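Undergrad: A single structure is presented below for examination.
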Amino acid sequence: MSSADGAGERYVVGVDYGTLSGRALVVRVRDGAEVGTAVHEYRHGVIESALPGGGPALPPDWALQDPEDYRDVLRHAVPAALSAAGVRPDQVIGIGTDFTACTVLPTLADGTPLCEIPELRHRPHAWVKLWKHHAAQPHADRINALAHERREPWIGRYGGKISAEWQFAKGLQLLVEDPDIYRRAERFIEAADWIVWQLCGTETRNVCTAGYKGIRQDGRYPSSDYLSALDPGFADIVTKLDGPLLPLGVRAGTLTARAAAWTGLPEGIAVAVGNVDAHVTAAAARALTPGRLVAIMGTSTCHVLNGDRPAEVPGMCGVVDGGISPGAWGYEAGQSGVGDIFGWFVKHAAPAGADSHERLTELAAAQPVGAHGLLALDWWNGNRSLLVNHDLSGLIVGLTLATRPPDVYRALLESTAYGTRMIIEAFVAAGVPVTDLVVAGGLTSNRLLMQIYADVTNRPLSIIGSAQGPALGSAIHAAVAAGAYPSIHEASAAMGRVHEGVYRPDPDNVRAYDALFAEYRALHDHFGRGGNDVMLRLRAIRNAALDGSVPQADPVLEVAG
């Protein structure tokens, strides 16, 4: 980062809300120069075992957050980023935000989160449900089955399956498991929109999350007849979800005095409509042209792609008119676990001396393609695309007594590349071209991983020119909302950055990976499409055991036997 120069320069702030922290980035409007940044870690992180303050234990597959942690990012990260930039507050003309999604919370009509009402703090369903909250899978299954039974027209726009991560599955879980909290929730809102409400005092909804996470297609949500058929009490969910709907890049409102006091920014500057971390990154990567697939790779991966027409792509997260940028049909797909898988292996399975990404990558890079004799399925946090089933789990085939940690590590890296290739091939088969990849996120620094992706997908791979892609994308949208550019496309061209064609497919590696990918596809279809549902049965056995409903073997007797 460099100190700001030029008293007449104008700046915008982008705030990226991730899974564990929020980052603020100060960006020069003229050319997208990043002049100051700061990160604030969420005090409560991801709430997975029990509610804070001695609250009740949570069941398996829950993932909650505290909305006060989001406000704290505004209080701490934004002023710190301004200070690091050396920018005067009066030089800032707008602020934009992005969020993980679907991250959703129940509130009162004025935006007060239900978990902040003292008598409701011990109720798990009153809290924010993070994107990785997967306990709504049975409710997603009901939503999908009924949609196909009734031949609902919108189900094809989502690849045939609604995800457990999305608004309707989480809302139905709320109704079924805590109907009182459901009744008291006057609004059920994406955190992406809630934080904008906190900034400008005005409730809005963005077309991105409404389309991808809220099943809003062709100007409407699912019908009340369909919702009543799911559950008579669910017919009013749209009244909790619906709100003033705005396209991306426009002004949601202006910064309130309260939010100005939090951030140190001037009251009255432009606040951009909310957005999703992956989708907003496309503008930062100059990847708004149809055919350029952006893979935002971190703990998970989200794939976003513009197309010039709508198509139904099996297993996709959705296609939304204007969902990435106005004037194009935006497609979304994703993998629920990527960096999390590599991190799990380093933390829990790698021995001393090889328990770092750097050392394992160095050792794995020395191997020829296929030399480890392994193949893995990348479902350690379920499968988002193409199978849309978060009860699926990981698999490694080919282990022997000669297998070493770098072998497994490389197999895990490759498995995620195979998962991305499955997604690309589904797009292409549906008539949506994928010409090249642009990668953003924290994993771009792993050169071995990037080359594997180029080889497995047989496509050139470019790298975003910013380490803070979502925050830069939010800043670009803030510049448009403030009137500095007439459109996201023009702002992206001026402020975005990308290093073109950094990785090129190696023909020999491409051929070797083609053979391995054929085996991956066979395993993918066998375990994911009904050939053997052992993963689902194991998950059910695990959940029953954790609930205490299945007798447990005495571990001492087990060892003695």
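The values are calculated or read from the model by the stated rules, or taken from the named source; none is laboratory data. None of the values given here were measured: they were computed from a predicted structure. Cβ coordinates were reconstructed from backbone atoms using ideal geometry, including for glycine residues, and neighbour counts include every protein chain displayed. With ligands, DNA and RNA removed, areas are computed over all heavy atoms of the protein, side chains included. Shrake-Rupley method; radii C 1.70, N 1.55, O 1.52, S 1.80 Å.
Undergrad: Can you tell me which residue in the range 237-253 is nearest to Cys200 (Cα to Cα), limited to those that are open to solvent by less than 60 Å² (accessible area, probe 1.4 Å) and without any contact (Cβ under 8 Å) to a residue 60 or more places away in the chain?
TA: Result: Gly253.
One line per residue, one yes/no per condition, for (1) surrounded by 23 or more Cβ atoms within 10 Å (Cβ to Cβ); (2) touching a Ser or Thr at 6+ places or on another chain (Cβ under 6 Å); (3) of a type in the set (A, V, I, L, M):
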site: Val304; (1), (2), (3): yes, no, yes
site: Val320; (1), (2), (3): yes, no, yes
site: Asp378; (1), (2), (3): yes, yes, no
site: Val388; (1), (2), (3): yes, yes, yes
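Undergrad: Can I ask one more? Pairs needed: first member in the range 517-544, within 13 Å of Ser415 (Cα to Cα); second member anywhere, among the β-branched types (Val, Ile, Thr) and open to solvent by 50 Å² or more (accessible area, probe 1.4 Å); C-beta distance under 8 Å; at least 6 residues apart or different chains.
TA: Leu523/Val397
Undergrad: If you check Ala147 against the conditions, is it under 21 Å from the mean Cα position of the chain (by Cα), touching a residue at least 60 places away in the same chain (Cβ under 8 Å) and within 23 Å of Ala426 (Cα to Cα)?
TA: Answer is no for this residue.
Undergrad: Applying the selection to the range 179-204, what residues are open to solvent by less than 20 Å² (accessible area, probe 1.4 Å) and not in a helix (DSSP H, G or I)?
TA: The answer is Ala185, Phe188, Ile189, Glu190, Thr204.
Undergrad: Same structure, new question: What about Leu360, is it open to solvent by less than 30 Å² (accessible area, probe 1.4 Å), touching a helix residue (DSSP H, G or I) at 6+ places or on another chain (Cβ under 8 Å) and at pLDDT 95 or above?
TA: Criteria met by Leu360.
Undergrad: Looking only at residues in the range 170-201 that are β-branched (Val, Ile, Thr) and under 25 Å from the mean Cα position of the chain (by Cα), which one is nearest to Thr256 (Cα to Cα)?
TA: Val196
Undergrad: Looking at this structure, is Pro60 touching a helix residue (DSSP H, G or I) at 6+ places or on another chain (Cβ under 7 Å), at negative phi and at pLDDT below 95?
TA: yes
Undergrad: Next question. So, in the range 322-331, of the ones that are touching a residue at least 40 places away in the same chain (Cβ under 8 Å) and open to solvent by less than 50 Å² (accessible area, probe 1.4 Å), which residue ends up nearest to Met450 (Cα to Cα)?
TA: Only one residue fits best here, namely Tyr331.
Undergrad: Consider Gly334 against the criteria (1) open to solvent by less than 10 Å² (accessible area, probe 1.4 Å); (2) in contact with a Ser or Thr (Cβ under 6 Å, 6 or more places away or on another chain); (3) farther than 27 Å from Lys170 by Cβ: it satisfies all of them except one. Which criterion is unmet?
TA: (3)
Undergrad: While we're looking at this one, here's another question. Check Arg71, Arg150 and return the single one that is surrounded by fewer than 23 Cβ atoms within 10 Å (Cβ to Cβ), touching a Phe, Trp or Tyr at 6+ places or on another chain (Cβ under 8 Å) and closer than 25 Å to Asp277 by Cβ. Can you show your working first?
TA: Details: Arg150 fails: closer than 25 Å to Asp277 by Cβ.
One residue alone meets the criteria, Arg71.
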